[in-house]
Amino acid sequence: MQRILTFLRDDGNPPACIEYSWVPTGIRHHIQLSPGEVQDSQTADYQSATNVQVYVLTQGDDSAENWQLPSVGEKEILHAVIAVSQRARKVTGTVFYSDASSSVHTVALKFERRRCPTA
């Protein structure tokens, strides 16, 4: 089944990236946004996914690392949206389930420069 992760941000100036996996696969994926890019998506074909593990997310000099959304996974996720708000200094992750419900999780951005992982 197709799983989609969309990575977007409100400030397209600095480079940004995310390294994540669909749980329970543990296979790491990367999305990198160049200056000027505000959004990109990736699709993956996995039988099941109940969480999204974010290993590291960077936006210029800010980052968030090692968090999972939702914090407890019980339903089948079809689509996840990870949105960085530089203005609010937070990351909001929204997952959309196969039963048409959704869940939102927010993480604070820290002023801590991290290296963008590469594929």
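The values are calculated or read from the model by the stated rules, or taken from the named source; none is laboratory data. Since this is a predicted model, take the numbers as computed values, not measurements. Heads up, the Cβs are rebuilt from the backbone with ideal geometry, glycines too, and the neighbour counts pull from every protein chain shown.
Determine, yes or no, whether residue 33 is aliphatic (A, V, I, L, M) and in contact with a His (Cβ under 8 Å, 6 or more places away or on another chain).
Numbers: aliphatic (A, V, I, L, M): yes; in contact with a His (Cβ under 8 Å, 6 or more places away or on another chain): no.
Criteria not met by residue 33.
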Qualifying positions in region 97-119 - more than 21 Å from residue 15 (Cα to Cα) and more than 13 Å from the chain's Cα centre (by Cα): 97, 98, 99, 100, 101, 102, 103
Only one of 60, 36 that is farther than 27 Å from residue 99 by Cα and at pLDDT below 90: 60
Subset of region 47-63 [more than 10 Å from the chain's Cα centre (by Cα) and either farther than 27 Å from residue 115 by Cβ or among the hydrophobic types (A, V, I, L, M, F, W, C) (or both)]: 47, 48, 49, 50
Scan of region 91-116 for residues that are aliphatic (A, V, I, L, M), closer than 18 Å to residue 59 by Cα and not in a strand (DSSP E or B), ordered by number: 109
Residues that are within 12 Å of residue 51 (Cα to Cα) and touching a Phe, Trp or Tyr at 6+ places or on another chain (Cβ under 6 Å), drawn from region 79-99: 79
Failed condition for residue 89, given (1) within 18 Å of residue 117 (Cβ to Cβ); (2) modelled with pLDDT under 95; (3) not aliphatic (A, V, I, L, M): (1)
Output for region 21-49, where each listed residue is touching a Ser or Thr at 6+ places or on another chain (Cβ under 8 Å), farther than 16 Å from residue 69 by Cβ and β-branched (Val, Ile, Thr): 27
